[in-house]
1. Among MET42, SER302, ILE245, whose Cα projects farthest towards the positive end of the dipole of the chain, with charges put on the beta-carbon of Lys, Arg (+1) and Asp, Glu (-1)?
2. With the radius of gyration and the Kirkwood radius both derived from the Cα set of the range 74-179, what is their ratio Rg to Rh?
3. I need the Kirkwood Rh of the chain: take the reciprocal of the average 1/r across all distinct C-alpha pairs and report it in angstrom.
4. At a 1.4 Å probe radius, carbon and sulfur cover how many percent of the accessible area of the range 121-247?
5. For a bin width of 10 Å, list the pair-distance distribution of the range 99-255 built from all Cα-Cα distances, rounded to whole %.
6. Going by a 4.7 Å Cβ-Cβ cut-off, which cysteines of the chain have no partner at all?
7. Using a Cα distance threshold of under 28 Å, what count of lysine pairs results for the chain when pairs must be 8 or more residues apart or interchain?
8. Largest first, what is the accessible-area ranking of LYS224, LYS139, LYS181, LYS295 with a 1.4 Å probe?
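The values are calculated or read from the model by the stated rules, or taken from the named source; none is laboratory data. Source: prediction; values computed, not measured. As a convention, Cβ positions derive from the backbone with ideal geometry for all residues, glycine included, and neighbour counts pool all protein chains shown. In case anyone asks, the SASA skips ligands and DNA or RNA and just uses the protein heavy atoms, side chains included. Shrake-Rupley method; radii C 1.70, N 1.55, O 1.52, S 1.80 Å.
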Amino acid sequence: MTYNSPILLIQGIDLPHRFIYPAFALLLVAYLIILTTNIGVMLLILMDRSLQQPMYLLVFSLSFNDVLGTTVVLPRMMLDTVSTNPSISYSWCVSQAFFTQAYNVSCHTVMMIMAFDRYVAICHPLRYTSIMSPTMVAKLIVSACSTSIVLTSIPLGLAVRLTRCRSIILNDFCDIASLYKLSCQDLSINYVTGLTCGIILIGSSITSVAFTYFRILISCVSKKNKELNRKAMQTCASHLVLYLIMLWSGFLITVLHRLQIHNGYRTLAGLLHVIIPANMNPILYAIQTKELRTKIVQILYSKVTQLQ
């Protein structure tokens with residue numbers, strides 16, 4: 001049977017009634033924190049010319065990506081949490097799947113560029129300004145966006161061409177894997193294509209990040225400069241922690257989809273993948289980066305002084 005209705009049902013978060021509104025409140029607080037911290041960092045970088053440098057422009061891109069990704073997922077999830085019969089139009093479901101996948105891919109591509117930026121800054125400090133010029137940073141950001149669009153459009157295009165025999169999204173939000181499960185057709189091509197795109201992305205991501213950190217380690221060991229080593233660790237620690245969290249949570253979601261694990265575990269993994277990196281990105285970079293930390297302290301101090 002072919003199912004062509006424009007409305008789909010969403011399985012959503014299965015919670016006892018007494019936990020529905022507390023869950024809604026927690027999601028709302030998490031979303032507001034993400035918006036406040038990330039938009040605050042973005043505005044700070046835009047308004048302060050001293051922060052308009054390659055590293056901070058990449059932090060800006062990461063914060064923008066976090067705001068976009070969480071805005072696509074969390075408001076809709078909050079609405080479905082309190083809804084008695086959560087549903088979504090097929091066109092919006094496809095749009096949500098596109099932006100969700102593009103967000104995931106962009107997280108990896110931006111992290112790869114940030115790793116390269118740290119490598120140049122630590123291993124080739126005298127050539128940093130010539131290598132990481134504004135033109136180069138713009139090209140890298142455009143290439144990251146282009147890569148995310150291409151690696152998202154290919155599997156999504158194969159998902160949209162499928163005929164549907166089901167009307168329930170077996171997830172708490174729409175993603176490409178959930179669109180596959182609406183069809184009863186042979187999905188071999190879809191899975192092979194998705195796996196190929198995933199291997200290209202994750203393989204490139206892990207290889208580039210591992211290579212840059214290996215070169216940074218070699219540089220620190222060979223120079224035997226304690227001050228340099230301390231700055232390198234301080235600069236790279238936040239990036240590496242966020243990268244590992246993003247990599248592990250994304251891997252967990254993929255495995256749970258493939259093994260048809262209970263929806264509750266996929267929901268938890270999806271929330272961790274969206275909420276934790278988006279919350280930690282601005283906080284860790286503000287704490288670990290001296291310039292950002294100094295600007296934030298100055299702003300807070302001026303506000304407190306004005307209140308007094």
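1. So the residue we want is SER302.
2. Across the range 74-179, the Cα-based Rg/Rh ratio is 1.17.
3. 21.0
4. 72
5. Per 10 Å bin, starting at zero, the Cα-Cα P(r) for the range 99-255 comes out as 10, 32, 29, 17, 9, 3, 0 percent.
6. Singleton cysteines: CYS107, CYS123, CYS145, CYS197, CYS220, CYS236.
7. Lysine pairs meeting both conditions in the chain amount to 12.
8. Ranking LYS224, LYS139, LYS181, LYS295 by accessible area, largest first, yields LYS224, LYS139, LYS295, LYS181.
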